[in-house]
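Working notes, beginning with the structure itself.
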């Protein structure tokens, strides 16, 4: 496990710990899959063989491939067929999303808070995927993956100071949570999450979505993906996708300075579709 290597100009909660916390190890199969997909010599059969070494992952991957979110005409019966039909990148993103469920579930502290965080993350991912269908510059699979991991930095807080973190951030609006983190701990979940993403070998675009999803204007390159993640985060909280609707977060706040031209009827469709899509993804990823 790699230790966090964040450099900050002022004291942070990291300085109060006996040692620098270590990044949670990413599931081995997902790590092997990422490496294989980054290798230009890899082929569909090799990628399928990696997935097939993990029976649980294989079953969930096939369930998700055959789910309504992909709308395939013919049932996909084998992992290799899934890789051929969807492509290696899409299968990699699906597998990483499924593996993320274990990251949020594993741990000795704040189990309920981690489960709530996982549900919100999956809710954000669900909304992001549906929004991406109306935004040509962002792929639906990449949007889903960014949503899954956008709040992963909160796991560092929940692993190290769960009670204190929950007390400081409970009951706040989206932006107020970031301000509370900065004021109390000298660092935000965006910074911690970006470090995790880079440590796990996530793409630069996904890591940037993690690191700037509350301040999309500060993103340097992946502005559209970051902005979509920001929008999906706000709308999922406002709509109650993945948790109870937060009255402190509104559609207007989420859509403020939105860089995309989205029609009201599109948003209505996304909101309606996301309810069933979230439950389907939750069933597949978590069980």
Condition broken by residue 236, with the remaining ones in (1) at pLDDT 85 or above; (2) farther than 24 Å from residue 117 by Cα satisfied: (2)
Based on what the data block shows, is residue 242 in a loop (DSSP other than H, G, I, E, B) and surrounded by 23 or more Cβ atoms within 10 Å (Cβ to Cβ)? yes
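Here's the yes/no breakdown for (1) under 22 Å from residue 89 (Cβ atoms); (2) at pLDDT below 90; (3) outside any helix (DSSP H, G or I):
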position: 165; (1), (2), (3): no, no, no
position: 178; (1), (2), (3): no, no, no
position: 190; (1), (2), (3): no, no, no
position: 199; (1), (2), (3): yes, yes, no
position: 208; (1), (2), (3): yes, no, no
position: 214; (1), (2), (3): no, no, yes
Just one of 103, 130, 155 is in a helix (DSSP H, G or I) and in contact with a helix residue (DSSP H, G or I) (Cβ under 6 Å, 6 or more places away or on another chain); which is it? 130
Quick count over segment 91-112, residues being more than 13 Å from the chain's Cα centre (by Cα) and surrounded by fewer than 21 Cβ atoms within 10 Å (Cβ to Cβ), is 8
Quick one: which residue in 249, 253 is modelled with pLDDT under 85, more than 17 Å from residue 129 (Cβ to Cβ) and surrounded by 21 or more Cβ atoms within 10 Å (Cβ to Cβ)? 249
Can you tell me which of 152, 135, 168, 178 is crowded, with 23+ Cβ neighbours inside 10 Å and either more than 30 Å from residue 86 (Cα to Cα) or touching a residue at least 24 places away in the same chain (Cβ under 8 Å) (or both)? 152
Count of segment 181-206 residues which are closer than 17 Å to residue 25 by Cβ, touching a helix residue (DSSP H, G or I) at 6+ places or on another chain (Cβ under 8 Å) and surrounded by 17 or more Cβ atoms within 10 Å (Cβ to Cβ): 7
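Looking at segment 67-82, can you tell me whether even one residue there is in the same structural domain as residue 240 (by TED's automatic domain parsing) and under 23 Å from residue 269 (Cβ atoms)?
No, the conditions are met nowhere in segment 67-82.
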State the number of residues belonging to segment 247-287 that are in a loop (DSSP other than H, G, I, E, B) and within 17 Å of residue 120 (Cβ to Cβ). 4
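The values are calculated or read from the model by the stated rules, or taken from the named source; none is laboratory data. Here the structure is a predicted model, which means the values were calculated and not measured. So basically every Cβ, Gly included, is an ideal-geometry build from the backbone, and we count neighbours across all protein chains shown.
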